[in-house]
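Heads up, the thing below is written out as structure tokens.
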Amino acid sequence: MKHVHNHSGGTIYGLGFVGAVVYYLQHASSFWPVILGILKAIVWPALLIYKVFTLIKM
């Protein structure tokens with residue numbers, strides 16, 4: 001039996017992460033906002049889903 005793995009979710013997350021890092025780093029003016037921006041870029045999918053669930057009142 002041959003297993004086929006589709007890794008497109010990781011690719012989409014990776015592109016989103018890079019985009020979020022670029023966005024947050026453009027607005028950072030010192031060291032700590034850079035660190036905070038990187039942390040925000042890591043968790044942006046969770047924040048997005050939380051906002052969506054809040055909007056649809058789940």
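Taken together, the values in this text are just the output of simple stated rules run on the coordinates, not laboratory data. Predicted, not measured: the structure shown is a model, and the values here were computed from it. All Cβ positions, glycine included, derive from the backbone under ideal geometry; neighbour counts span all protein chains shown.
Laid out as a table, the results:
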item: Cα long-axis angle, helix 31-55 against the chain (0 to 90 degrees, to the nearest 10); result: 50 degrees
item: I12 versus V52: modelled label distance in nm, points set 7 Å from Cα along the beta carbon direction; result: 0.8 nm
item: Degrees, to the nearest 10: 8-26 long Cα axis against longest axis of the chain; result: 10 degrees
item: The chain: relative contact order in percent, alpha carbon pairs under 8 Å with at least 6 residues between; result: 28 percent
item: Options (1) 6.2; (2) 4.2; (3) 8.4 - which one matches mean projected area of the Cα convex hull in nm² as calculated here; result: (1)
item: The chain - mean residue ellipticity at 222 nm from DSSP helices (-39,500 (n - 2.57) per run, n ≥ 4, rounded to 500); result: -26500 deg cm²/dmol
